[in-house]
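S.K.: Can you read through this structure? Questions will come right after.
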Amino acid sequence: MKTPLSYHDLIEHLPHTGCVICNLGQREVSRHLDALLYEFVNDIETHALFRAARGLCNQHAWQFMDFQGHILGVAILYKASIDEVLKIIERAESQGAAKNALKKLIGGNVEGKSGLSDELEPRAPCTACKALTEAEHLYAKTLSETLTDPRIGAAFRESSGLCLPHLRLVLRYVEDEAKVRLLLDIQTEKWNIIRADLQRFIEMYDYQRSSERMGPERDSPLRGIRSMSGEDGVFGLRR
């Protein structure tokens, strides 16, 4: 059977600092945003999705500003989003004026009709969030299936391990008890190291040791955050 590209992605990215699934998910988001601005900025379906989603979520919308070379594309897509919002408001005002019921329309559900606030809610997910979620599940599934592969196993053991949210995701895909044991053995080893470094970091703040220089424990608070919450910007409100 042909080895999937996701396997090679894991081999390449496991040596990088941080959770491999976080890192690959962020890469996929960056690729998605770049493709939106470079290839699909005038695509009819893309415009329809942007209108329905009211743009991107807060987190991914601000990542657009990393693509200053495609700022015209940002303008085009967000004009479409604002056009849609204005159209909804104009329609609501027109209906409200016709029935002398704008106040009720804005207020919420009246006689089975949605309020304006409901009409302004997104009707589709953020496309970057969708790309991120798909990538997370792809790499979690691939890792779960290849844990006993010698190359994956060795690379995972030498990696930073997974963050807690992505450990939970991989566990949902693992069906073999031996793989579960291997996954937990490697992961708990990583967390024990971080816990020990955090303890040393705390101890170094004792006034009697204030003259000592920190070693590997120096960045342990950052590693602690990564290990429990994932890389910066991956989850947003999702946990």
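The numbers here are math on the coordinates, done by the rules we state, and not lab data. Just so you know, these numbers come straight off a predicted model, no measurement behind them. Because the Cβ atoms are built from the backbone with ideal geometry, glycine has one as well, and the counts that use them run over all protein chains shown.
S.K.: Computed FRET efficiency, Cβ-Cβ of Y38 and V180, R0 45 Å: what is it to the nearest 0.05? Don't skip to the answer; put the middle values down first.
M.R.: Working: r = 42 Å, r/R0 = 0.93.
Using R0 = 45 Å, I get an efficiency of 0.60.
S.K.: Which aspartates and glutamates have a Cα lying under 13 Å from the Cα of K87, excluding residues fewer than 8 positions away in the same chain?
M.R.: The reachable aspartates and glutamates, counting only those whose Cα sits under 13 Å from K87, are E119.
S.K.: Here's a follow-up. Enumerate the helices in the chain for which the Kyte-Doolittle hydropathy averages 0.5 or more and the C-alpha atoms extend at least 20 Å along the helix's axis, using complete DSSP H runs.
M.R.: none
S.K.: While we're looking at this one, here's another question. Calculate, in nm to one decimal, what L222 and H16 gain on full extension: separation in residues at 0.36 nm each, minus their alpha carbon distance. Before the final figure, lay out the partial values.
M.R.: Working: separation 206, 0.36 × 206 = 74.16 nm, distance 1.54 nm.
Result: 72.6 nm gained on full extension.
S.K.: Over the Cα atoms of the chain, Rg to Rh with Kirkwood Rh, two decimal places?
M.R.: 1.12
S.K.: Using 0.36 nm per residue of separation minus the Cα-Cα distance, give me the extension gain between Q68 and I193 in nm, one decimal.
M.R.: My answer for the length gained is 41.0 nm.
S.K.: Percent of Cα-Cα pairs more than 20 Å apart in region 108-185, please.
M.R.: Within region 108-185, distances greater than 20 Å cover 49 percent of Cα pairs.
S.K.: Over the alpha-carbon set of region 138-229, work out the extent along each principal axis and list the three values in angstrom, largest first.
M.R.: Cα spread of region 138-229 along its principal axes, largest to smallest: 50, 24, 20 Å.
S.K.: Can you compute the helix-only [θ] at 222 nm over the chain? Use -39500 (n - 2.57) per DSSP H run of at least 4 residues, normalise by all residues, nearest 500 deg cm²/dmol. Provide the component values of the computation, followed by the final result.
M.R.: On the way: 12 runs with 160 residues, N = 239.
Computed mean residue ellipticity for the chain: -21500 deg cm²/dmol.
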